[in-house]
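The structure appears right after this line, and notes come after that.
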Amino acid sequence: MAFTDHIKLSNLVENWLFDISGKDGGGSAVHIYLSFNDVVDSGHFHYGAILNQPTIREGIDLKNSAAKTSNISINIPDFEYKGTLISNELFGGSNLYINHSVQVSSKIANDTPVVIGNFRLVDIKSNGSTITLSLASHRPWDFITIPQDKTVLTNNDRGISEYFPLVYGDYQANVSTQGTPALCYGECANQSNKLFPVPVHKIDTEKLYCLMPESDTSNSSNNANSAVPHLYEKNVDAFVPLLNSSGNTFSDNTFSYQNGNAISAPLNLYRAFKFRPESPYSGNEFTTNPYNAYDTPNNSSTTAVDVSTTASFGAVNFTPTAGSAGSSNNSLDLKASIPQIDGKVTYVKLQLSGYSVIDGNASNGTLTSNMKYLQLDGGSTYTQMASNTTTGTSAQTLGYDGSTGGLATHTTADLVGQITGGKLPDHINVRHTALWDYGNLNDGKSGNNISGFNSDIILDVRVKLPFSADEAQSSYNKLDSIDFLYSGGNGMSHGITGLSGTITDIHEAHLDLLNRFTGLDVATNPATNIEGYSALNTARSGWSIRYWLLEEESLKNVLEQMQYEGAFIFRFKQGDFTKPQYIHIADSPTTSKVLSKNDISNINIGITPFSDIITNQTINYDKHPALNRYQSSVIAANSTSRGKWNIQTKENKANVNLDMLVANIGDTDPTNDDPNDSFAAYYNHIFGDIKIIVQCDVLNPAKWIDSNNDPVEVGDVIEFDENNMFPTTPLGHNSATWNNLQFMIIETKRTLGKLSLTLREI
């Protein structure tokens, strides 16, 4: 409902109407109608009994992307109301008003009232003659906690009822089977850490039961949206899918379980995968870049190894005498620690890659390259894996597979017979030998050095929990200690009218929470029925979310966290629950109102506090599914502002942890980006420099409204008339002119017949 043109009159007559709702003993609605002056509206008599003139304050916090509304109080005499004192009606009688809604509307002349506030009656006080009613800002998410769906208590072997997870985002299951084991090591080799934890709720004689979110009910194949359970291998930082006895994925599908959904997992936790050593071991002789022997392969592939990033034992230099004969060799060991895998290893293979290089030339020179490994049972026997020999008169690069082009890979047979008790040794010892028989150097040619390189060490294992008679109890103890498995299934799906499919962007998740837990819905779709949503939907496209909630949390807190990380604000216009609104600062904001010196009074111009400037943000994001840490980080710095305002090295920095947002985080220099390009760019645009703050009273009632006769609100963009403004300059800012300066209303203060604004330069 909008104001009519009566609001533009200079002799404005305004009244505020208070509708205090409640219920009687039978649950039917009852109302008390109050105002500043007696008035009949819509057939209801409003008692003009309010003695004070409260101020309704609304604001938006750009720093935290939150909206806020002040509480108010009204004073009334304890007058006779329907045959009894109003105090007896308000409390202690058959009608109940505490914690019920109070709607406040502005009535101009005889026009239809316009809602300007929504509150709850939370307290009543009396001094014997005057009643004070305390009204708290009221929003539909008040007193709501999430998640809400829980398991049935009596069916839980562990004796507790647990929440089904609330999950948003697009996740990715890993694929690693007995027939095609994948290299699982962090984010390498097409393996992903994009999973979410699923609580282990029950263990019976056949399976583990893990709680899943509500929407993932129909995934039937092992693909990117598979619900298959994964075990977290802490020592290799990998999420490995669990397999059935045939070595294939155990289960992809969710099923109905205790009023929700679940996924099952095998008791033996069978898995097959590849992994790498983790660090050099004592006595390692490959001292040049030893980590390159087991770091991430090139192009995230198990075979395409970048030979430029290898571990090496360096060069053996020599200069033979012309006309002499002889040979030179080097044989050194690469020793690497092996992370321990939880369970019994039933299969193990070793994959090694490397090559030798001779730098020099000779007559009839022969280069031999050997690679051996020390047997895994801890003995002293070295087993030859591969050898290669070539003859030539120039520099040579020799692999182990007969090639002369460099890197070669060799894989052993099953070595499970070389381990003790199903446990891998604590390290692996690889011996690399290069021999150069340089013959008779009667032609004066000479050699320089021999080098050896190792670029890839991989172990291929199959692991499970043993359930033999003598080991079953320890296996059950292990299972009982597992609180979570992990899934790459879909998060929640859209439920609001007009939208469908998996929710992937952070603003979509925010809207879904409002729909799911407060009942917010629209007639057609949010783009047409929620103010500001269409523009936000475009600006936040690709701002991906991955978020899971396993324990009870305030809905208000979750919504406000999404608003902060998604860089937008949600509110209800004029406190009206039928008018939802999303606010964000656009790349090119549209001005809704221009004010001149003739429209305002009591102007006060200042600047944002120096303490508000944030010119260096360390942004941590992509929360690890199993560990209390973040997987990625970026430092976004505004060096221009730091230099301009003499900001010292440790000043005006912020450490930001994002638990939800995983894309469009930003880069090291957000000053080069448009505001809505990223999280870093958006907040740098607002807080990366000092901005102008303007406070004023709006005298002209015609400027209390926008072009649709709706009240001007927080979030509206305002300009000042550079040709008709006092003061004539904004503190000398902007080349001493108001021209093209845009401000966002960040606070409104409404009292009877008066509007005051606080505006911030954007």
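Summary of computed values
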{"read-out": "Those strands (runs of 3 or more DSSP E) lying entirely in the stretch 94-138 with at least 2 residues surrounded by fewer than 16 Cβ atoms within 10 Å (Cβ to Cβ) and in contact with an Asp or Glu (Cβ under 9 Å, 6 or more places away or on another chain)", "value": "130-137"}
{"read-out": "Test for G128: is it on the phi > 0 side of the Ramachandran plot and more than 36 Å from the chain's Cα centre (by Cα)", "value": "yes"}
{"read-out": "From the options I20, I76, residue that is over 23 Å from D576 (Cα atoms) and assigned to a strand (DSSP E or B)", "value": "I76"}
{"read-out": "Filtered residues of the stretch 71-113 (kept if under 39 Å from the mean Cα position of the chain (by Cα) and within 30 Å of K754 (Cβ to Cβ))", "value": "N71, I72, H100, S101, V102, Q103, V104"}
{"read-out": "Every residue from the stretch 23-42 that is surrounded by 14 or more Cβ atoms within 10 Å (Cβ to Cβ), in a strand (DSSP E or B) and hydrophobic (A, V, I, L, M, F, W, C)", "value": "V30, I32, L34, V39"}
{"read-out": "Residues of the stretch 367-394 satisfying the condition of being modelled with pLDDT of 80 or more, assigned to a strand (DSSP E or B) and not basic (K, R)", "value": "Y373, L374, Y382, T383, Q384"}
{"read-out": "Residue check, A567 buried (at least 17 other Cβ atoms within 10 Å of the Cβ) and without any contact (Cβ under 8 Å) to a residue 60 or more places away in the chain", "value": "no"}
{"read-out": "Qualifying residue in the stretch 434-442 (condition: modelled with pLDDT under 60 and in a loop (DSSP other than H, G, I, E, B))", "value": "yes"}
{"read-out": "Residue among I341, I263 that alone is part of a loop (DSSP other than H, G, I, E, B) and at pLDDT 90 or above", "value": "I341"}
{"read-out": "Unmet requirement for T154, which otherwise passes all of (1) in a loop (DSSP other than H, G, I, E, B); (2) modelled with pLDDT under 90", "value": "(1)"}
{"read-out": "Matching entry among I600, I619 (being within 29 Å of L514 (Cα to Cα), aliphatic (A, V, I, L, M) and surrounded by 20 or more Cβ atoms within 10 Å (Cβ to Cβ))", "value": "I619"}
{"read-out": "Evaluation of S161 against (1) at pLDDT 90 or above; (2) at negative phi; (3) more than 24 Å from the chain's Cα centre (by Cα); (4) surrounded by fewer than 16 Cβ atoms within 10 Å (Cβ to Cβ) (one fails), failing number", "value": "(1)"}
{"read-out": "Strands (runs of 3 or more DSSP E) enclosed by the stretch 644-762 - at least 1 residues per element that are outside the structural domain of Q631 (by TED's automatic domain parsing) and within 23 Å of K573 (Cβ to Cβ)", "value": "692-698, 717-720, 743-751, 754-761"}
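The values are calculated or read from the model by the stated rules, or taken from the named source; none is laboratory data. As the structure is a prediction and not an experimental result, all values here were calculated from the model. Positions of Cβ are generated from backbone atoms using ideal geometry, with glycine treated the same way; all protein chains shown enter the neighbour counts.
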